[in-house]
Each structure stands twice: as C-alpha cells, then as structure tokens.
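Below is one structure; the comments refer to it alone.
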Amino acid sequence: MPSINLEDLNPEQRAAVTAEPGPILILAGAGSGKTRVLTYRIAYLMEERKADLDAILAVTFTNKAAAEMRERIAKLIGGQERAPWVSTFHSACARILRVEGHVLGFDRNFSILDEGDSAAVMRRVLEEAMLPDAPPAELVRARIEQAKNEAIGPAAMAARAESDRDARIAELYALYQKRLIAMNAMDFSDLQMNVFSLFERHPEVLERWQRRAEHLLVDEYQDTNRVQYLLVRSLAARSGSLCVVGDEDQSIYRWRGADIRNILEFEHDFPNARIFKLEQNYRSTKTILAVAASVIRNNTERKDKTLWTENDAGDPVVYFTGTTEREEGDFIAREIARMVEAGDLRPMDFVVFYRTNAQSRVIEEALVRRRIPYYIVGGVRFYEQRDVKDLLAYLRVLANPADAVSLERMVATPPRGVGTKTVEAIREIAAREEITAFEAMGRLEIVSTVALRIAKSAGALYSWMRDLATREPQMSVREIVSEVVRQSGFETYLDTLGDAAARKQNLAELLTASGAFDAEKSGGGLAEFLERVALVNDADQVSTVAGRVALMTLHTSKGLEYPIVFMAGMEEGLFPHSRSADSPNEIEEERRLCYVGMTRARRLLYLTNTLSRELFGRRDEPRPSRFLAEIDGGLLRRIAPERERRILRDPGPERSYVDYSDTQLPEGETDGGGLAVGARVIHPTFGRGVIRRREGRGDGAKAWVNFDRAGVKLLVLKFANLKPIAD
C-alpha cells in the first residue's frame with residue numbers, strides 16, 4: 001500500500017486523522033473537508049495502526065456519500081484487492097440481517113418494502129383486524145415508524161399506551177410485524193430495529209459484529225436517531241475505537257427522528273472523548289460564510305466554533321423581493337439565463353432550493369419560458385414508477401416467494417383476468433395449507449370458485465417462474481430481467497398502450513441498471529440487486545451529467561454544493577415554516593436548515609421572497625423571513641420592486657424591479673399620482689386593500705393592489721375609483 005501524504009491535510013485535519021484510537025468527535029463545519037478526514041483516517045489506521053481491513057466499518061447516510069468515500073479510500077490505498085466496509089446505516093443492517101436474520105425468523109432473501117408496499121400491508125392488517133374506531137392506516141404507519149426509530153417494539157408501545165387509540169395502534173403494530181414475518185419481509189425502519197433486537201437478545205451475535213467493526217467511523221453523526229445511536233454504542237462497546245464526524249449546525253432531520261443531543265452530549269456519553277474542530281472552509285466566499293454565520297449564531301443548541309476561509313470575499317449576497325411568486329420565478333430564471341449567456345457557467349452550476357415542493361411549479365414555468373433545462377430532485381423515483389415497480393414485482397417474488405404484496409402486483413400486470421376473488425382464493429389457500437402465496441397461486445385449479453381459464457393462466461405463470469427460480473443462481477441479474485420482460489408478456493402488453501415508447505424506455509433503463517450491477521466487482525445476485533433498489537434515496541437522484549438546473553427542497557440539499565445557489569420563499573410561515581412558529585426547538589431546526597442551504601453556495605448566493613404569494617389556493621401578504629433580519633445589511637445587495645419609492649428609471653419589459661443597494665428614498669413618496677405605495681385604499685367592488693406597486697405616469701398610471709378578499713389586482717388608476725382610507 002502506498003504511503004499516505006499527511007501534508008495534504010491542514011493542522012486540524014492532521015490531528016484528527018492521526019489521533020490514537022478511542023472515542024473521537026470531529027466537529028466538521030460546512031465545507032471543511034470532513035470526507036477527506038474520514039478517508040485519510042481509514043487509510044492511516046490501516047497503514048500506521050496496522051488495523052485489519054476486515055475490522056473497519058464506516059457508515060454514512062446516503063449511497064452517494066458511501067460511494068464517494070469508497071472511491072477516495074481506493075485511491076489512498078491503491079494496490080489493495082479489497083476495500084474496507086463503507087456503507088449506509090440501512091445497507092449495513094441489511095447485510096447483517098442477510099447473515100443473521102434467521103435467528104429472528106427471516107430467510108436471507110427477505111424483501112425490503114417501500115412505502116407503498118408497506119401501506120398495502122397495513123391496509124390489509126386493518127381490514128382483517130376489524131378493530132372498533134381503528135385509526136387511519138397512514139397514522140398507524142407513522143406511529144409505528146416513529147416507534148422503530150426510537151427502538152420501541154410492540155410490547156413496549158403497548159406498555160406506554162396512554163389512551164385507547166394508543167393501545168389499538170400497539171395492537172396493530174404487533175399484527176403488522178407478524179404479517180411481515182409471514183411474508184419474509186421488512187420495511188425500511190425494520191432494518192435497523194431488527195438489528196438492534198438481534199444485538200440485544202443475542203450477545204454472541206453482537207460480539208461477532210463488534211469484531212467486524214473493531215474500528216467504527218460514523219459520518220453525519222448529528223443526524224442519527226435513537227436506534228442508530230444505540231447500534232453505534234453497541235458496536236463500539238468492545239473496542240472503544242469510535243470516531244464520529246458531524247456538525248450540530250447541520251442537524252436538519254428532527255422530523256424523521258434525528259436527535260441533536262447525540263452529538264451535543266457526545267462527551268457525556270464518552271467521558272474520555274477527544275474533540276477536534278475543523279473550522280477552515282474550502283467551499284464558499286468570505287461573504288457567504290459571514291451571512292451564514294450571522295444567521296446560525298442565533299441558535300442556542302450548538303457548540304462553539306467559527307468557520308473561516310482563505311477564499312476571496314466574493315460578491316455580496318443578493319436579496320431580491322418580487323411583487324408576486326411569478327415575478328420571483330421570472331427573476332430566478334432571468335438571472336440564470338444571464339449568467340449562462342455570459343459564457344462561464346452552465347445550467348448544471350445552478351440550484352434552486354425551496355422549503356416546500358409546492359413552490360416548484362412557478363419556478364418550473366419560468367425556466368420553461370426561458371428554455372432553461374432543469375430537473376426536480378425528490379420527485380417520483382425511477383424505481384417507484386408504476387411500470388418499473390410492476391416489473392420488479394416479478395423479481396421480488398422470484399427472490400422471495402412469500403412476498404404476497406409483490407405477488408398480487410405481479411399477477412395483475414399484464415392483465416390476466418385476476419381480480420379480487422382470485423386474490424382472495426390465493427390468500428385462503430396459503431393460509432389453509434400454510435404455504436407461500438406463490439405456491440398457492442400454482443394450486444388455483446383445485447379451487448372451484450376461480451374460473452378455469454384464469455386458474456390455467458396463473459398456473460402457467462407459476463410453472464415458468466418456478467423453472468426460472470431453479471436457473472436463477474447461475475444467471476446474471478440482467479439475464480433474469482431480460483427473461484422476465486420477454487416471458488411475462490410485459491413488453492407485448494406495453495405495445496398495446498398509447499405511450500408505449502415512453503414506458504419501454506423505463507424497461508430499457510432497468511436493463512441498463514441491472515447490467516451495470518453485474519459489471520461491478522462487488523456485485524452480487526438478485527437479492528443484492530433488489531436490496532440496492534430498495535435503498536435508493538432522494539439524494540442519490542442528484543446528477544449533473546445532463547447539464548440541467550437542479551430544483552429541490554432544502555432538506556435534500558445536504559452534502560451538495562453548487563457555484564450558484566438560489567433560496568426561494570424567504571418568508572415567515574414558509575421559511576421558517578408555519579408549523580415551527582410555536583416551538584423554539586423547531587425554529588432552531590429551521591435556522592439550521594437555512595444555514596445548510598446558504599453554505600451549499602461556492603460563488604454566489606441569492607435569497608428571494610415576495611410581497612404577495614399564492615400557495616395552496618390562498619393568497620397572502622407574508623412578512624420577510626426573520627432569518628433575513630439576522631443578516632448584516634452590509635453583506636447584501638438589495639433588489640426590490642418599486643414600492644414606497646418614486647420611480648427612478650423606466651424598468652422596461654425585462655426589468656420590473658430596481659437595485660436599491662446604493663439608493664434610499666423617503667418611505668411613501670410617489671410620482672405625484674396621489675396614492676402612495678403602501679397606502680390603504682377601498683374599491684367599490686373589491687373592497688379594502690393595500691397598494692403594493694405602481695408603474696407608469698399620467699393617464700397610463702397603474703397600481704398593483706392586494707385586496708383583503710379579492711387578492712392582487714392590476715388597476716388603471718384613472719378608472720379604478722380607488723379612495724385612500726385610514727388604517
């Protein structure tokens with residue numbers, strides 16, 4: 001193995017990399033090189049500490065981050081035939097359960113259910129339970145997921161029940177888990193919960209994996225939930241060699257169980273821990289860092305650290321206010337077009353962040369008008385599209401014949417005449433004879449309630465699938481997918497549909513994905529391929545290959561960076577979100593989310609909001625986000641509509657706003673039209689409102705008025721019959 005060059009690291013990074021094994025907390029600010037430190041530490045452990053490659057485990061939160069770490073480690077330890085185990089939490093748990101799951105009653109080829117399949121199982125459980133006043137299925141699923149993230153099983157939930165509804169949910173939790181075991185399936189949260197149960201009940205299993213993770217490294221520690229925290233403590237208990245990396249200022253997943261106390265109280269959990277701070281930022285300009293720092297310093301749940309950089313000061317952060325959300329979208333699209341046309345930037349260098357998905361529509365429309373290519377991260381994932389899921393159902397049944405949810409999807413596409421009555425017959429046979437749903441499908445011909453034609457069709461499907469199952473271990477995943485596409489009649493069925501070409505592109509893409517999986521040195525069989533498919537997340541959809549502007553929610557922004565960042569909707573009630581208004585802890589989480597968005601920017605940062613916004617069918621006049629008030633005004637370049645000021649220039653069709661960075665006018669001054677921007681007025685039809693913008697002079701003067709009930713209207717003042725009123 002080549003010797004690693006520690007001179008590539010700054011002094012703080014070097015100290016963290018070379019620290020003696022033991023409890024270590026690395027506080028890594030945004031853009032401070034945490035991935036570099038993690039990868040160098042792994043290489044250092046192998047080279048200087050002579051750590052066995054098979055005794056190192058590094059865990060992170062996304063497949064993208066894990067792949068990047070593996071790639072960097074491979075370069076540092078070139079010449080090694082194998083690499084250390086680097087994985088996401090969920091993938092690591094799935095790997096453990098493939099080996100040890102039989103102790104809990106699972107076959108190694110267990111299915112991993114996505115949200116849709118999990119919901120289908122829960123609906124079936126509710127139907128069969130017939131509990132009085134049963135809660136809605138989605139509420140039950142949400143409560144069960146929360147319990148699993150907190151390492152709470154059905155019995156513990158029942159013991160804590162404080163109401164009849166809580167008791168019913170606990171009962172449904174137990175029934176749901178029983179159904180999953182019968183299906184040889186787990187949902188996403190089960191992967192971690194089941195490993196925790198395994199370790200808790202079987203010390204010999206825990207010790208086996210403690211040896212495999214003798215040196216444990218955890219990325220993004222601030223985002224760990226309760227069950228992940230317990231898994232980390234269990235695995236590190238034997239050797240004590242635990243290195244966690246994180247930044248409490250970037251803890252943004254409280255809503256899905258992340259507990260910021262895990263990083264804030266690390267020294268309490270591990271009294272002999274050593275703390276290292278990475279405060280030099282390599283990503284952003286001085287101005288961007290100063291803006292981000294001025295916001296995050298208002299939080300109380302944080303450790304003392306200050307980011308700094310040797311980068312240039314850079315341009316001021318642009319703060320734009322539009323009259324409406326359409327103007328906000330137009331401004332974003334116009335700025336992107338202007339910078340791309342200047343020649344040194346491409347669409348892929350831009351990202352637009354927003355707090356809620358509903359904000360994307362207006363921004364998309366603006367980009368379309370400018371013919372700017374874009375894509376949305378966090379939409380329907382490829383593997384969750386209907387045709388792809390239909391085809392994957394065949395593969396899931398092939399790998400796990402007990403997967404009744406996938407079987408029901410499989411027999412329905414392409415149509416075979418299999419309806420509710422036939423599905424019920426399959427369930428009854430499976431329950432009566434204690435066999436899998438797949439085996440029950442092959443026995444439909446003995447059931448008189450099912451038409452012979454349908455039973456024979458299902459029997460033919462069963463015979464072919466059973467034959468394929470005998471050949472599957474010797475086949476590549478691509479070969480399996482190809483045969484399923486051909487023999488199932490799926491491709492022929494798509495040819496009968498009007499959008500066949502588009503749908504068949506999905507099949508081609510699935511073939512490509514399976515071929516790429518086969519080509520990997522670490523590639524496994526069908527079960528491993530299906531596991532990878534199940535564990536794809538939103539962050540793994542981010543790609544710059546197509547050269548398009550990225551649109552995504554702020555929660556998806558973690559771990560990314562772009563030359564130019566737009567943060568849209570900086571308004572009270574939107575960001576920070578209205579749900580956080582009454583909770584100081586939630587406001588701090590929103591502020592951390594703001595900080596994360598800001599620190600994604602390398603060169604330029606834009607913050608935008610509006611005077612009037614329609615969202616969810618309602619138009620409001622939002623106040624600017626409190627986070628904007630926390631920024632030193634000297635760091636901002638202010639661009640605003642012509643409100644409460646005289647018109648300084650003719651804005652023209654491409655410019656409906658004025659750069660006020662160096663201009664100040666008395667509030668309320670107008671061009672002599674008699675009705676100042678900001679004045680309260682009354683209209684004979686629309687009622688009371690506020691003038692939000694004026695344009696034009698003389699007989700052509702117009703005003704944008706936001707009426708209390710009628711919303712925003714554009715009126716010609718000469719004919720509007722507006723009258724000023726007192727507040």
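Give the calculated FRET efficiency between T492 and H102 to the nearest 0.05, with a Förster radius of 45 Å applied to their Cβ-Cβ distance. In this case the efficiency is close to 0.70.
Where only DSSP H runs of four or more residues are counted, the chain gives -13000 deg cm²/dmol as its mean residue ellipticity at 222 nm, each run worth -39500 (n - 2.57). Expressed as a whole percent, the proportion of Cα-Cα pairs in the chain lying more than 41 Å apart is 42%. Between R361 and R123, take the C-beta separation as r, use R0 = 30 Å, and let me know the FRET efficiency to the nearest 0.05. Working from the Cβ atoms, E equals 0.50. Taking max minus min of the alpha-carbon positions on each principal axis, the range 1-135 gives extents of 67, 33, 25 Å, largest first.
Excluding same-chain neighbours fewer than eight residues apart, the lysines reachable from K178 by a Cα-Cα span under 26 Å are K148, K389, K421. With a Förster radius of 56 Å applied to the C-beta separation of Y282 and A516, the computed FRET efficiency comes to 0.95. Which loop GluC sites (Glu not before Pro) in the range 289-359, with loop taken from DSSP, have no more than 14 other Cβ atoms within 10 angstrom of their Cβ? Qualifying residues, ordered by number: E310.
Distance between the 7 Å Cα→Cβ label points at V716 and A469: 7.7 nm. Scoring 624-630, 154-160 by mean Cβ neighbours within 10 Å over their residues and listing the highest first yields 624-630, 154-160.
By the equivalent-ellipsoid construction on the alpha carbon gyration tensor, the range 210-263 comes out with semi-axes of 22, 11, 7 Å, ordered largest to smallest. The range 89-187 gives an Rg/Rh value of 0.97, both radii derived from C-alpha positions and Rh following Kirkwood.
For the range 424-520, the alpha carbon convex hull comes to 125 Å³ per residue, rounded to a whole number. Per residue, the convex hull spanned by the Cα atoms of the range 184-225 measures out at 99 cubic angstrom.
A DSSP coil position with no more than 11 other Cβ atoms inside 10 Å describes the following GluC sites (Glu not before Pro) in the range 68-99: E81.
Counting only Cβ charges, +1 for Lys and Arg and -1 for Asp and Glu, the dipole size of the chain around its Cα centre is about 1240 debye. The loop-placed GluC sites (Glu not before Pro) in the range 415-498, going by DSSP, that have at most 14 neighbouring Cβ atoms within 10 Å of their Cβ come out as E434.
FYI, it's all coordinate maths here, none of it is from the lab. Predicted, not measured: the structure shown is a model, and the values here were computed from it. Here Cβ is always computed from backbone atoms with ideal geometry, including for glycine, and neighbour counts include all displayed protein chains.
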